[in-house]
1. Which FRET efficiency value, to the nearest 0.05, do you get for Glu145 and Leu59 by plugging their Cβ-Cβ distance into 1/(1 + (r/R0)^6) with R0 = 30 Å?
2. With no solvent and one equal point scatterer placed on each C-alpha of segment 165-222, evaluate the Debye formula and give log10 I(q)/I(0) for q = 0.17, 0.20, 0.24 Å⁻¹, two decimals.
3. Please label the shape of segment 102-216 as rounded, prolate or oblate, based on the square roots a ≥ b ≥ c of the eigenvalues of the alpha-carbon gyration tensor (a/c under 1.5 means rounded; beyond that, a/b larger than b/c means prolate, else oblate).
4. Does the chain come out rounded, prolate or oblate by the C-alpha gyration tensor, with a ≥ b ≥ c the root eigenvalues, rounded set by a/c under 1.5 and, if not, prolate when a/b is larger than b/c and oblate if not?
5. At 7 Å along the Cα-to-beta-carbon direction for both Lys175 and Lys138, put a label point, then send me their distance in nm to one decimal.
6. Under the 0.36 nm per residue contour assumption, what length would be gained going from the current alpha-carbon distance of Glu214 and Tyr87 to full extension?
7. Using DSSP loop states and a limit of at most 16 other Cβ atoms within 10 Å to flag GluC sites (Glu not before Pro), what is the longest stretch of the chain containing no flagged site?
8. Contour minus end-to-end for Thr224 and Ala102, with contour as 0.36 nm per residue of separation and end-to-end as the Cα-Cα distance?
Amino acid sequence: MHNEFDVDQVISGENGMKLYDSIGPNPRIVRIFMAEKAIEMPKQTVDLRGGENRGPEHLQRNPHGQMPTLELDDGSYLSEITAICEYLEEIKPQPAMIGSTARERAECRMWTRRVDLNICEPLANGYRFGEALKFFEKRIPVVPEASPGLKMIAANRLQWLNEQMADGREYLCGKRFSLADILLFCWLDFGALVGQPVDPANTNVKAWFDRVAERPSIRADPVTPPAAKRA
Ligand SMILES: N[C@@H](CCC(=O)N[C@@H](CS)C(=O)NCC(=O)O)C(=O)O
């Protein structure tokens with residue numbers, strides 16, 4: 001298994017890891033995280049639109065049938081984007097995208113969890129149970145009547161975040177660009193394509209979004225159209 005002394009191999013992609021990749025915000029988050037840390041590895045595209053991620057071969061990699069999934073050098077697999085990013089940060093700690101100290105790491109995890117639970121997940125499920133219902137109803141349990149409420153929660157918590165950012169911070173963790181920013185950015189970028197744009201009244205969030213959008217890692221990996229046609 002890797003440790004932090006494998007850094008050169010991690011950078012050169014000779015480490016035996018492989019990213020099972022696809023369209024969608026979650027794989028994009030991991031790709032941007034890797035780009036920020038200059039981590040390269042082979043990628044294998046899985047056809048999410050065609051449902052390959054729900055087929056037996058991918059289910060054996062990730063029993064949740066979701067994307068992305070990271071194959072490790074011993075042939076085992078990791079999924080869930082935050083777990084994948086935590087693993088990559090541990091084997092290549094610099095540049096730190098989670099944190100260099102216990103305090104920094106905790107701060108990033110706090111913001112990652114806040115935006116994930118309160119904004120990204122409700123936004124995603126608002127879309128899956130709404131515009132993308134026909135696409136997702138054969139894949140996951142769906143609750144169509146929850147869609148408007150979930151969208152309302154995401155919008156409400158974004159407004160809350162806008163108030164938090166009135167302190168003039170550059171990024172969610174102050175001056176540090178981190179995993180929390182990548183996660184939120186990718187979901188808001190996607191939200192704008194599926195009927196959940198950021199309310200322009202959230203001027204602090206909008207300024208942060210425009211700042212993050214200029215990063216080379218983001219510009220090099222633009223948002224892709226949603227997999228689902230409108231229900
Ligand atoms: N909690 C998972 C979510 C993964 C996820 O929902 N991935 C989407 C792509 S953005 C997916 O696989 N969608 C297709 C499907 O569920 O069939 C993570 O953190 O990785």
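1. Values: r = 29 Å, r/R0 = 0.97.
Using R0 = 30 Å, I get an efficiency of 0.55.
2. Calculated log10 I(q)/I(0) at the listed q: -0.54, -0.75, -1.06.
3. Values: a/c = 2.07, a/b = 1.75, b/c = 1.19.
Taking the square roots of the gyration eigenvalues as a ≥ b ≥ c, segment 102-216 is prolate.
4. Working: a/c = 1.97, a/b = 1.11, b/c = 1.78.
Judged from the Cα gyration tensor, the chain comes out oblate (a/c at least 1.5, b/c at or above a/b).
5. 5.3 nm
6. Details: separation 127, 0.36 × 127 = 45.72 nm, distance 2.64 nm.
Gain in length upon complete extension: 43.1 nm.
7. Numbers: sites that count: Glu14, Glu40, Glu80, Glu137, Glu170, Glu214.
Result, exposed sites excluded: 81-136.
8. Values: separation 122, 0.36 × 122 = 43.92 nm, distance 3.50 nm.
Going from the current span to full extension adds 40.4 nm.
Each reported figure results from applying straightforward, stated rules to the coordinates on display, with no laboratory input. Because the structure is predicted, anything quoted here is derived from the model rather than measured. Glycine also receives a Cβ, built like all others from the backbone with ideal geometry; neighbour counts cover every protein chain displayed.
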